[in-house]
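Readers should treat all values here as calculations from the given coordinates under stated rules, not as data from a laboratory. These figures come from a predicted structure and were not determined experimentally. Cβ atoms come from the backbone with ideal geometry, glycine included; neighbour counts cover every protein chain shown.
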Amino acid sequence: MSYVSFGAGTQSTALAFLVINRDERLRERARLGPDDSPHWPDIFLFADTGDEPRAVYRHTWEMAKLFDYHDIEFRIVRGEERSLSDHVIEKADDGEGGISTPPLFVGGTDKRGRHTGIPIRRSCTADFKARPLDREAKRYWTERLGHDDFSVVQWLGISSDEKRRMRESGELWRFYRYPLIEMGWTRWHCQQYLQGQTYLDGSPVEIVRSSCVYCPFHSKEEWRHIRDSDSDDWARAKAFQDEIYSIYERDDGFAGVKKKPHINRWAKPIEELDLSDDDDQLDMWDEYAFQGVGCVGHCGV
């Protein structure tokens, strides 16, 4: 028994098409079941924060139609009925605690005295991604089996060039499996494979990395893409930023943070970012994952 955490990105989409196509390379090279038997997953689960880019929702909807056509169960799960951004703003505006904040950055200086951003605490991934996925998986298997004493496999779409993001489940009811890594596939292999795939209507697959439009872990390239390709997504990110600024200025702090928080690693308003060049350092998505701050491969996988 197994299920897939579908993040709607390149690797998880490639894994989805391998399953949809019943690709023999996956059957032959990946240990699909807990006893290494060829067992296809029973369900795909997508955790929706309510704040994904519009392109991600378009892609997810097209994949949902494909899953349905091939009689593969697919469910979208939410941490709350409201979006993550609404959760953050509404609770902060009311002065409540227990806010699942994204990894906001406050201004600081590095060892050379240069302005930089310092990440603050975060819990968005756990509360709006990991826990909703776990709850729905447990609900699904309990309903299907009629009892809550089971052990299942969760497939994660992480490729072999991201092995550092692997980890053990640490829970008795579920253990992780990484089929793409077992196949020896890198992100490049996934990209090449997806070039030959189409949606149900025959149109080519179009993927934008799954992450909230305002995610502070965005690189300059990602911020530039949002600004230049989708004015609505840019406006959504700026609106969230401005709400945070407004509450911070009114309350002389935001969600217990006394320094002004920002939705980017450079600790500036996004409209003031210099996006004319790309980053000259390690992508923060991976860098902070090593420090226990990032998503450790599980935000949208």
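Out of all Cα-Cα pairs in segment 108-266, roughly what percent, to the nearest whole number, are more than 22 Å apart?
Result for the distance tail: 64 percent.
In whole Hz, with x marking every Gly and Pro, tabulate ³J(HN,Hα) for segment 4-21 from phi via Karplus 6.51 cos²θ - 1.76 cosθ + 1.60, θ = phi - 60°.
Going residue by residue, I get 10, 7, 9, x, 6, x, 4, 5, 5, 6, 4, 4, 4, 5, 4, 6, 4, 7 Hz, with x marking Gly and Pro.
Any idea what the relative contact order of segment 2-290 is, in percent, if you count C-alpha pairs under 8 Å spaced at least 6 apart?
This gives 24 percent for segment 2-290.
What do the square roots of 5 times the Cα gyration tensor eigenvalues come to for the chain, in whole Å, largest first, as semi-axes of the equivalent ellipsoid?
34, 22, 18
Can you give the % of DSSP beta bridges in segment 2-290 that are antiparallel, to the nearest 5?
Within segment 2-290, antiparallel bridges account for around 40 percent of the total.
Taking θ as phi - 60°, what are the ³J(HN,Hα) couplings along segment 230-245 by the Karplus curve (6.51, -1.76, 1.60), each to the nearest whole Hz, with x for Gly and Pro?
8, 4, 5, 5, 4, 5, 5, 5, 5, 4, 5, 4, 5, 5, 4, 4
At 222 nm, what helix-only mean residue ellipticity would the chain give, in deg cm²/dmol to the nearest 500, using -39500 (n - 2.57) for each DSSP H run of four or more?
Computed mean residue ellipticity for the chain: -11000 deg cm²/dmol.
Using the Karplus curve 6.51 cos²θ - 1.76 cosθ + 1.60 with θ = phi - 60°, work out ³J(HN,Hα) for each residue of segment 55-68 in order, rounded to whole Hz, and write x for Gly and Pro.
These are the phi-based 3J(HN,Hα) values: 5, 5, 5, 4, 5, 4, 5, 5, 5, 4, 5, 5, 4, 4 Hz.
Once you place label points 7 Å from the Cα toward the Cβ at S123 and K258, how far apart are they in nm?
2.2
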